[in-house]
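J.: What follows is a single structure, and I will ask about it in a moment.
The values are calculated or read from the model by the stated rules, or taken from the named source; none is laboratory data. Just so it is clear, the structure is predicted and the values come from calculations on it, not from any experiment. Cβ coordinates were reconstructed from backbone atoms using ideal geometry, including for glycine residues, and neighbour counts include every protein chain displayed. Note: areas computed on protein heavy atoms with side chains; ligands, DNA, RNA excluded. Shrake-Rupley method; radii C 1.70, N 1.55, O 1.52, S 1.80 Å.
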Amino acid sequence: MAANSYQIAVLGDKDSVMGFKALGLTVFPAESVEQARATLHRIAKEDFAVVYLTEQFAAQMEADIARYKDELTPAIILIPGKDGSLGLGMANIKKSVERAVGADIL
């Protein structure tokens, strides 16, 4: 019985995601939030265990991201885009740790 072979996706603006292709990750450049939203929902149905999403798109996709929060896959991890960090990724980690531990330890 063969195990699923999960992949890692990187979704964001072209300048922010193309470098990840050299690392062997599957990149999905998007030109708009609407395109990023549609792509996220499409790849969530495929064999992607992790989706790295740029904070710039994530800031406008909160409801879409929340839809997958309690699902096993994909785990949506926010990363800074080409314009730098908005602090959303760290804020999400802090919330997750607080929920798991019951206190703010960061």
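J.: Is it the case that Ile43 is in contact with a strand residue (DSSP E or B) (Cβ under 9 Å, 6 or more places away or on another chain), under 24 Å from Tyr6 (Cβ atoms) and at pLDDT below 95?
T.: On the way: in contact with a strand residue (DSSP E or B) (Cβ under 9 Å, 6 or more places away or on another chain): yes; under 24 Å from Tyr6 (Cβ atoms): yes; at pLDDT below 95: no.
Spelling it out, it is not the case that Ile43 is in contact with a strand residue (DSSP E or B) (Cβ under 9 Å, 6 or more places away or on another chain), under 24 Å from Tyr6 (Cβ atoms) and at pLDDT below 95.
J.: If you go through region 1-16 one residue at a time, how many are among the aliphatic types (A, V, I, L, M) and at pLDDT 95 or above?
T.: Residues that pass the stated criteria total 3.
J.: Same structure again: Can you confirm whether Glu62 is closer than 22 Å to Gly84 by Cβ and out of contact with any helix residue (DSSP H, G or I) (no Cβ under 9 Å at 6 or more places or on another chain)? It would help to see each step written out before you state the result.
T.: Numbers: closer than 22 Å to Gly84 by Cβ: yes; out of contact with any helix residue (DSSP H, G or I) (no Cβ under 9 Å at 6 or more places or on another chain): yes.
The answer is yes for Glu62.
J.: Condition (residue is of a type in the set (Gly, Ala, Ser) and open to solvent by 70 Å² or more (accessible area, probe 1.4 Å)) applied to region 31-54: is it met by at least one residue?
T.: No, every residue in region 31-54 fails to be of a type in the set (Gly, Ala, Ser) and open to solvent by 70 Å² or more (accessible area, probe 1.4 Å).
J.: While we're looking at this one, here's another question. Of all residues in region 4-28, count the ones that are open to solvent by 30 Å² or more (accessible area, probe 1.4 Å), within 21 Å of Leu72 (Cα to Cα) and in contact (Cβ under 8 Å) with a residue 40 or more places away in the chain.
T.: Number satisfying all stated conditions: 5.
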